[in-house]
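The block underneath contains the structure these notes are about, expressed in structure tokens.
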2 protein chains.
Amino acid sequence: MNNFTPLKNVKIESPFWKTYTDIAKDKIIPYQWLAINDKIPDTAPSHAIRNFRIAAGLEEGDFGGMVFQDSDVAKWLEAVAYRLTIDPDAELEKTADEVIDLIGQAQEEDGYLNTYFQIKAPDKKFTNLLDCHELYCAGHMTEAAVAYYEATGKDKLLKIMCRYIDLIDSKIGPEEGKIKGYPGHPEIELALVKLYRATGEKRYLKLCEFMVNERGTDPNYFDQELEARNHIGFWGGGYQRGVDRKYCQAHKPIRQQTEAVGHSVRAGYLYTGCADLAAETGDESLKRAMEVLWDNITEKQMYITGGVGAHVYGEAFSFNYHLPNDTVYAETCAQISMVFFAQKMLRMDVNRKYSDVMERLIYNGTISGMALDGRHFFYTNPLSMWEEETRKCPRVGHIHSKRPGWFGCACCPPNLARMITSLGNYIYSSDENTVYTHLYIGGEADIPVGDKTVHLTQTGNYPWSGEIGFTLSEGKYAFAFRIPGWARSFAVKANGSAVSPEIRKGYAYINRQWKDGDTVELTLPMPVELVEANPLAREDAGKAAIMRGPVVYCLESADNGDVLSAIRLTGEFETYADDSLFEGAVNIRASAMRRRTWTSSELYRTYKPGDEEPCTVTAIPYAFWTNREDSREMTVWVRV
Amino acid sequence: MNNFTPLKNVKIESPFWKTYTDIAKDKIIPYQWLAINDKIPDTAPSHAIRNFRIAAGLEEGDFGGMVFQDSDVAKWLEAVAYRLTIDPDAELEKTADEVIDLIGQAQEEDGYLNTYFQIKAPDKKFTNLLDCHELYCAGHMTEAAVAYYEATGKDKLLKIMCRYIDLIDSKIGPEEGKIKGYPGHPEIELALVKLYRATGEKRYLKLCEFMVNERGTDPNYFDQELEARNHIGFWGGGYQRGVDRKYCQAHKPIRQQTEAVGHSVRAGYLYTGCADLAAETGDESLKRAMEVLWDNITEKQMYITGGVGAHVYGEAFSFNYHLPNDTVYAETCAQISMVFFAQKMLRMDVNRKYSDVMERLIYNGTISGMALDGRHFFYTNPLSMWEEETRKCPRVGHIHSKRPGWFGCACCPPNLARMITSLGNYIYSSDENTVYTHLYIGGEADIPVGDKTVHLTQTGNYPWSGEIGFTLSEGKYAFAFRIPGWARSFAVKANGSAVSPEIRKGYAYINRQWKDGDTVELTLPMPVELVEANPLAREDAGKAAIMRGPVVYCLESADNGDVLSAIRLTGEFETYADDSLFEGAVNIRASAMRRRTWTSSELYRTYKPGDEEPCTVTAIPYAFWTNREDSREMTVWVRV
């Protein structure tokens, strides 16, 4: 097992990520602060901070917002923690401390802490784990507590959450009289493993293990809970058809689950927690189960952008190879959860199948959820869009042609903020004698290897360029780095001389006695590539996607006019720098043929194979789509 | 204006249509008789006949079935009338007479006749024209009355319906104190024109004209009616967002409507009534409005099968060029209504744009609604189907991979029965000096031309063969016949000698003094054609459909294995006779390339253009799809 180098040891200097980090720091976090304090004009109030004030007895009033509104405060605090780690800010820290004080005031004598139940339904605590996100909120706040502790060394929130988790541990578990339950929305599992690592308290790991192992066993806990509630659900109406066990991955014991099903964010968080638990406990059967689910998702249910959860219905996984590009959901949060999952798997097995997907996710299907102004966000990340259809056809009623401002249920923007600000956590890892580089993101890092610390500098202009440089510090260790699956070739130099490193599971290993200032240069040629989908993915038949390095491109009507389906790529490409949307971005000009517009009003006619004319089309990085006014159509998959 | 030769003057001997007529006669009509009498085991009772017995005071009980259940009896009677016309059956006629007696007994003193309101809500008559199908049921029963009168000369039902329509006429109209209303589901309009023609009573035409002209004017009648009902709808719940005026084509006055919108069967019936009204009144502006709507549908909203109504949402038209092949609705009844509409337009303007579509409809998107066993029926007629998706993805939850048995809301099967049994009404028409042949359906006909009657015999094996023969009887008249739009060439002989007839609007005219036994031979070469859609129809880009003559073909997994999207047609075809599904059918073998199955488990890889292998695929007529067990996939559009 290897350990990821913590955020505080990693400094990111990549121009690409600086843009996003600045957005997260300067726009999302401050904006969310206003939001949770009900200070955004012309927007329904969040109530999130106010709920804590009411629970603390500082204000009169009723609970407001979603049942999981507390998690918005948690996600804000977690993002703040990462932000303070990478860029300290005394005033922001003071604000966060005050919020933590408030949380402390809201906590009950026995440790209980959930403003919905405290204000609204104090007699209903722990009676509806299925619907009410009680454990979900506890999980998010635990993540915030651990992050804030690691960022600042301050343990106030950590202690608050230990008290609350201790209470939960006294209510849920295998012992006589305890609830044999687990959350309807997994999240606390991954948080419990983090809390265990931060505190060393094994009970937290045990509690996680109980929830993971109990899930989906017979008799089904959610059925029993529902029975005890007289079949009344929280979200209006009853459960006439019973609990949708697949929706919350409670249809089978976790080790028997072989296909990812149900709500994709629930799935991603659950698998992340399970993988991390397996890593900490060495549970081989759980590890194997996560490998099977990982392979199922990435080999059968993942869009080329990294998007997961093809169904709008239940924001859920669909079925193997069912990857419609227009009606897709692919929630931003689901993709973020897959980044988490990838990292946990990578910790157990240095295999590029995990890091390649992590890279696919961070450059495509996650950041596509955010406009380049940092103020508009997508839940859904379609791979094709026809603006008129989004307005007129309910099957794509969930697809927007432009990113809306912020949401009543605002899960994706703060999730993006925490992913971006904590990106340093995902780049390097190490074990006794090896330093691993998983992502090519320029900057510096101090990486513990055995009892030493390696100081490493990474340079380059990734993802736009495949020239990557490393400077290492003295020591005897293996330096390992990923050769991306997208690379058709690569070249490595150590101290200026070509070397042929050993390759294992897609990682290059150079094991030697390094001197301070030793260099490693990796060249990954980045031609434009046409990529095709497995023929079993029927929606992509006859089409290809344009990629360069890890970046997936798309065509937009803003560059190419309407009726993108009339375009057929002919396979010649030219790259060019274009700063107009994103500084330093590389766009692509592609040779193509376009079906001629018909002069007659006919809808059908005898097929004329040659009725097309040559043209040049422009492809831009998918993540940057619909940042211009004129976005009536977009497509990732283009006819070939 | 020309007049269609009535059913009683036309005898169909086409082998193709004999199969369907036999199904209608021997299976649908008897089965529906059992159904409306609640005699189908293991099926929810229809209540349709029982409702009339209760209304007649012959039985105690409550109303059962849909609010429009009476129309099932009407449609059965109408189909019986056509069946008696083409094939008299004394016993069936006696049964129908008894049903008519029962209907007479159920009719109230003042003429009122709708069992739902009589049994269930006698104080609510004419208060909810929007939802309750009161005028719709009256329309269907009027159609039955006219058909039965024309079939048998018996006017009992005709008189019943005149009395009821007289009552409606006393309630609805422009005069002070009358309701300024029109039906939520159009249908009565077309029936009123038929009733006018059968009786000569101009009031019926006037009533139709009022309903047509009032529709969609301000203030909106449905809004007023809803207001008067305190915003309570019939179908559960209120109308919080008001009336969906587009759904029922009441969003604008009819002459200002330029795009077909809303529920497609409502639209088809409305346009049919309007066109027939325009024909009878010579109303040029109404005729022009119908031309505009016809062109909109056929040039921008019709599937290659003739299917209309792309939306499952509201079973409605979508928007121009939005023709998804998998999530499509394309209700069988909507296609049937387009046959009616085509005929009315053709009456005013002998132009093949109407009869070509009529032909497209009868050979493809209408009869596709029926299994070849005559016992299973589709509402929806998709152009592509993936069985696993229909089970697992709600966006195609309305699509079945197999035709179900019969429906609780059983509109399509009896509608097919009446279309098929009355097909003789659509083949020929005539005016003072011309005989028109619109459809190539073998048989004999007596066609009035001026004050004479032309006896005509048509032979051939259409749609499988394009060799068509006519034998004419003596007289000076023009013989006109359609040169189908699909025909790339044609040849005509009169009495064995090649002739070059004048062509007007797609019809060939031979004007001469004919002698008894004169022959005309039309040869329409029927090569297999690849047909493409206008590039604006984005869903069909890069694909073509296989057609031969008027018949649209499809690929099924039963012949071609799964993953039909892997197939690319290369343009060579061979036809062969295959009786296995349908006697005399012509199937097609096509040369193709098929993407190779991947040996790796990858989901994406660098595009390999040549990774396909030659194969031969089998195409069968679309109308015959999923008549075999093994129908996991089907597609009309195939990559080229």
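Take the Cα of residue A:1, go 7 Å toward its beta carbon, and the backbone nitrogen atoms of the stretch A:337-355 under 15 Å from that spot belong to A:343-350. Using a 1.4 angstrom probe on protein heavy atoms only, which residues from the stretch B:295-343 are buried by at least 40 Å² of accessible area when all chains are present rather than their own chain alone? Hits at the 40 Å² cut-off: B:299, B:313, B:319, B:322. Dipole orientation for the stretch B:358-495: of the candidates B:454, B:490, B:374, B:374 has the Cα lying most toward the positive pole (charges on Cβ; Lys, Arg +1; Asp, Glu -1). Between residue B:108 and residue B:602, the modelled label-to-label distance comes to 7.4 nm, taking each label 7 Å out from Cα in the direction of the beta carbon. Once the Cα-Cα distance is subtracted from the 0.36 nm per residue extended length, the residue A:252 to residue A:455 segment shows a gain of 68.5 nm. Summary for residue A:39: label point 7 Å along Cα→Cβ; distances to the equivalent points in the other copies, ascending, 7.9 nm. Net length available on complete extension from residue A:375 to residue A:500 is 40.4 nm, with 0.36 nm assigned per residue and the Cα-Cα distance removed. Based on DSSP H segments of at least four residues, each scored -39500 (n - 2.57), chain A has a per-residue ellipticity at 222 nm of -10500 deg cm²/dmol. Normalised by 2.2 N^0.38 Å, where N is the number of residues, the C-alpha radius of gyration of the stretch B:529-639 stands at 1.12. Counting only the Cα atoms, the stretch A:253-425 fills a convex hull of 110 Å³ per residue. Straight-line cross-link partners of residue A:11 among the lysines, defined as a Cα under 25 Å from its Cα and at least 8 positions apart when in the same chain: A:25, A:27, A:75, A:94, A:154, A:194, A:344, A:452, A:476, A:493, A:515.
To the nearest 20 debye, what is the magnitude of the charge dipole of the protein assembly as shown about its Cα centre, counting +1 on the Cβ of each Lys and Arg and -1 on the Cβ of each Asp and Glu? Each step should come with its number before you reach the end.
Values: 142 positive and 178 negative charges, 281 e Å.
I would put it at about 1340 debye.
Residue B:299: net charge of surrounding residues, Cβ under 10 Å, Lys/Arg +1, Asp/Glu -1, itself excluded? Don't jump to the answer; show the numbers that get you there.
Values: positive: B:300, B:353; negative: A:602, B:295.
Summing Lys and Arg as +1 and Asp and Glu as -1 gives 0.
Where the centroid of each part is defined by its Cα atoms, how far is the stretch A:220-252 from the stretch A:270-341 in Å? So the separation of the two Cα centres works out to 23 Å.
At a Förster distance of 22 Å, what's the computed FRET efficiency of residue B:202 paired with residue B:170, Cβ-Cβ distance as r, to 0.05? Working from the Cβ atoms, E equals 0.90.
Using C-alpha pairs below 8 Å separated by at least 6 residues, the relative contact order for the stretch B:498-621 is 20 percent. Across peptide A:558-567, the average count of Cβ atoms from other chains found within 10 Å of a residue's Cβ is 3. Hey, what's the Kirkwood Rh for the stretch B:428-523 if you take every pair of different alpha carbons, in angstrom? When all Cα pairs of the stretch B:428-523 are included, the Kirkwood radius is 13.3 Å. A protection proxy built from the mean count of other Cβ atoms within 10 Å ranks the segments B:333-345, A:152-164, A:291-303, A:601-613, most packed first, as B:333-345, A:291-303, A:152-164, A:601-613. Going by amide H atoms built from the backbone, whose H comes under 5 Å of the H on residue A:239, apart from near neighbours? Residues meeting the criterion, in which the H sits 1.01 Å from N, are A:233.
Estimate the FRET efficiency between residue B:388 and residue A:523 by the formula 1/(1 + (r/R0)^6), using the beta-carbon distance for r and 60 Å for R0, to the nearest 0.05. With a Förster radius of 60 Å, E is 0.85. Report for the protein assembly as shown the percent antiparallel among DSSP-assigned beta bridges with both residues inside it, nearest 5. In the protein assembly as shown, approximately 95 percent of DSSP beta bridges are antiparallel ones. Which translational diffusion coefficient, to the nearest whole µm²/s, is obtained for the stretch B:46-246 from the Stokes-Einstein equation, given a Kirkwood hydrodynamic radius over C-alpha pairs, 37 °C and 0.692 mPa s? Reported coefficient: 189 µm²/s. Panel note: contact residues of the stretch A:379-394 (accessible area lowered by at least 30 Å² against the chain on its own; 1.4 Å probe) correspond to A:386, A:392, A:393, A:394. Modelled label positions at residue B:579 and residue B:281, each set 7 Å beyond Cα in the direction of Cβ, lie 5.4 nm from each other.
Take every Cα pair under 8 Å whose residues are at least 6 apart in sequence, average their separation, divide by the length of the stretch A:253-425, and the relative contact order is 21 percent.
Tell me, what % of the accessible area of the protein assembly as shown is carbon and sulfur with a 1.4 angstrom probe? Walk me through the intermediate numbers first.
Values: 21260 of 44640 Å².
The computed percentage sits at 48.
What does the buried accessible surface come to for A and B, summed over both chains, with the probe at 1.4 Å? Round to 100 Å². Protein heavy atoms only, the A-B interface buries about 5000 Å².
Amide H contacts for residue A:548 (H built 1.01 Å from N in the peptide plane; partners 5 or more residues away or on another chain; cut-off under 5 Å): A:529, A:553. Working note: Karplus 6.51/-1.76/1.60 with θ = phi - 60° gives the stretch B:576-589 the couplings 8, 6, 8, 8, 5, 9, 8, 4, x, 5, 10, 9, 10, 9 Hz, where Gly and Pro are set to x.
Shortest first, residue A:174 label-point distances to identical copies amount to 8.6 nm, with the label point at 7 Å from Cα along Cα→Cβ. Computed over neighbours whose Cβ is under 12 Å from that of residue B:460, the net charge equals -3, Lys and Arg +1, Asp and Glu -1.
For chain B, hydrophobic long helices are taken as DSSP H runs at least 15 Å long by C-alpha position along their axis with mean Kyte-Doolittle hydropathy of 0.5 or more; these are B:188-199, B:332-348. Could you please report the charge total around residue B:135, scoring K, R as +1 and D, E as -1 over all other residues with beta-carbon less than 10 angstrom from its beta-carbon? Local net charge: -3.
Entry note, chain A: relative contact order of 13 percent, from Cα contacts under 8 Å with a spacing of 6+ residues. Quick one: which bits of the stretch A:602-634 get at least 40 Å² less accessible when the partner protein chains are in, versus the chain alone, with a 1.4 Å probe? Residues passing the criterion (a loss of at least 40 Å², heavy atoms only) are A:603, A:604, A:606, A:607. When the P(r) is computed for the stretch A:1-87, the part past 16 Å accounts for 63% of the Cα-Cα pairs.
Simple spin-label estimate for residue B:515 and residue B:631 gives 5.2 nm between the two label positions (7 Å along the Cα-to-Cβ direction from each Cα). Distances between placed amide hydrogens fall under 5 Å for residue A:511 paired with A:479, all partners being 5 or more residues away or on another chain. Across the identical copies, the label point of residue A:584 (7 Å from Cα in the Cβ direction) is separated from its matches by 7.4 nm, in order from shortest. Between the beta carbons of residue B:467 and residue B:591, assuming R0 = 22 Å, the FRET efficiency works out to 0.25 to the nearest 0.05. Taking the alpha-carbon centroid of each part, what is the distance from the stretch A:343-375 to the stretch A:106-166 in angstrom? When both Cα centres are located, 29 Å separates them. Accessible surface computed residue by residue for the protein assembly as shown, with neighbouring protein chains in place and a 1.4 Å probe, gives 35 Å² per residue. Shape index of chain B: Rg/Rh, with Rg the Cα radius of gyration and Rh the Kirkwood radius from the inverse mean 1/r over Cα pairs, equals 0.97. Each listed q (0.05, 0.08, 0.09 Å⁻¹) maps to a log10 I(q)/I(0) for the protein assembly as shown, found by the Debye formula over equal Cα scatterers with no solvent: -0.44, -0.99, -1.16.
Just tell me how shielded B:526-535 is by partners: mean number of partner chain Cβ atoms within 10 Å of each residue's Cβ, no decimals. Walk me through the numbers on the way to the answer.
On the way: counts 0, 0, 0, 3, 4, 4, 9, 6, 10, 11.
Mean partner-chain Cβ count within 10 Å for B:526-535: 5.
The values are calculated or read from the model by the stated rules, or taken from the named source; none is laboratory data. Predicted model, so just to flag it, every value in this text is computed and none were measured. All Cβ positions, glycine included, derive from the backbone under ideal geometry; neighbour counts span all protein chains shown. Surface accessibility is based on the protein's heavy atoms, side chains included, excluding ligands, DNA and RNA. Shrake-Rupley method; radii C 1.70, N 1.55, O 1.52, S 1.80 Å.
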